[in-house]
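Report on one structure; see the data block that follows.
The values are calculated or read from the model by the stated rules, or taken from the named source; none is laboratory data. Note that the coordinates shown come from a computational prediction; the quantities given were computed from them, not determined experimentally. Positions of Cβ are backbone-derived with ideal geometry, glycine not excepted, and every protein chain shown enters the neighbour counts. Heavy atoms of the whole protein, side chains included, go into the accessibility calculation; ligands, DNA and RNA do not. Shrake-Rupley method; radii C 1.70, N 1.55, O 1.52, S 1.80 Å.
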Amino acid sequence: MSVQQDIRRLTAPDIRARKGGEPIVCLTSYHAHTARLVDRYCDVILVGDSLGMVMHGFETTVPVTLDMMILQGHAVMRGSKRALVVVDMPFGSYEQSKEQAFASCARVLKETQCGAIKLEGGRRMAETIAFLVERGVPVMAHVGLTPQSINTLGSFRAQGRDEIDWEPIEADALAVAKAGAFAVVIEAVAEPLGRRITEQIPIPTIGIGASPACDGQVLVLEDMLGLSPRVPKFVKRYGDLGPGIEAAIASYAKEVRARTFPGSEHVYPMRPKPRK
Ligand code: KIV
């Protein structure tokens, strides 16, 4: 028998049903404490493989492993109650075969208990997406700029800025929708293309550097909080936490050096001796 939870988590079908309706709000999170905050305002929390760059300082997302994603996915599940948690599949964990993809996704779903996975790729991943969905794995797809392909793309440039380049990106979005993905991230494409894909496909589009017409938006949390040193054009900084954090660290260091921290209120006095 299952324990009744007070708050019901959103599911992939709930998000799928939001096509054309109230915009879907999504942010990334990699930790229990940020997940707790994001969960209050967002419908979807993405445990993105951007954690490789944001948390670990890698140049790209290519070095991220399945174990890294599972560890942080588990932390985000513990910190959240309501949002659908989607865990990114890292480079090398799903592209080789449908079977490899299912084995990796099954590990993620079992070990984190998240509600869905995300993987990059359009037409080339359509068969795998259908295979996964038929076997109980809810898939969020990712088209347009796919950062895991950085070594073949050569740069993180926006896609589809000339109309002649639209056709393959539209075909990718249509293919993942047809294969059964419940939503698709569209990253860094020309605005009219993001709008056009949103009008054309029957599943929600989640834009990041795409279009305000998308069915939802996603940003990397640290980017929008002003904690990332370099951000793409599509990031709006909603906060500037860097200077506040630095000021706090500087005050702490100064007080430790001056022996003014810890103060009497931060140390444990002896217990009073019992009276005889
Ligand atoms: O890894 C990530 O954070 C992502 C978003 C940028 C969509 O894939």
Of the conditions (1) in contact (Cβ under 8 Å) with a residue 40 or more places away in the chain; (2) closer than 22 Å to Ala12 by Cβ; (3) open to solvent by less than 70 Å² (accessible area, probe 1.4 Å); (4) in contact with a Gly (Cβ under 9 Å, 6 or more places away or on another chain), Leu109 clears all except one; give me its number. (1)
What's the number of the only condition in (1) within 11 Å of the ligand (Cβ to nearest atom); (2) open to solvent by 10 Å² or more (accessible area, probe 1.4 Å); (3) not hydrophobic (A, V, I, L, M, F, W, C) that Arg195 fails to meet? (1)
When the residues of the range 166-192 are filtered to those that are β-branched (Val, Ile, Thr) and part of a helix (DSSP H, G or I), which remaining residue is least open to solvent (accessible area, probe 1.4 Å)? Val176
The condition from (1) open to solvent by 70 Å² or more (accessible area, probe 1.4 Å); (2) more than 13 Å from Gly79 (Cα to Cα) that Thr11 misses is numbered (1)
Spot the failing condition for Arg157; the list is (1) part of a loop (DSSP other than H, G, I, E, B); (2) among the basic types (Lys, Arg); (3) buried (at least 22 other Cβ atoms within 10 Å of the Cβ), and only one is missed. (3)
Given (1) farther than 22 Å from Asp49 by Cα; (2) part of a loop (DSSP other than H, G, I, E, B); (3) open to solvent by less than 10 Å² (accessible area, probe 1.4 Å), Pro202 misses just (3)
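Taking the options Gly57, Gly73, Gly21, name whichever one is over 21 Å from Ile206 (Cα atoms) and either within 15 Å of the ligand (Cβ to nearest atom) or part of a loop (DSSP other than H, G, I, E, B) (or both). If you could, list the steps in order and put the result at the bottom.
Details: Gly73 fails: over 21 Å from Ile206 (Cα atoms); Gly21 fails: over 21 Å from Ile206 (Cα atoms).
It is Gly57.
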Would you tally the residues in the range 205-221 being crowded, with 23+ Cβ neighbours inside 10 Å and either more than 17 Å from Lys118 (Cβ to Cβ) or of a type in the set (S, T, N, Q) (or both)? 1
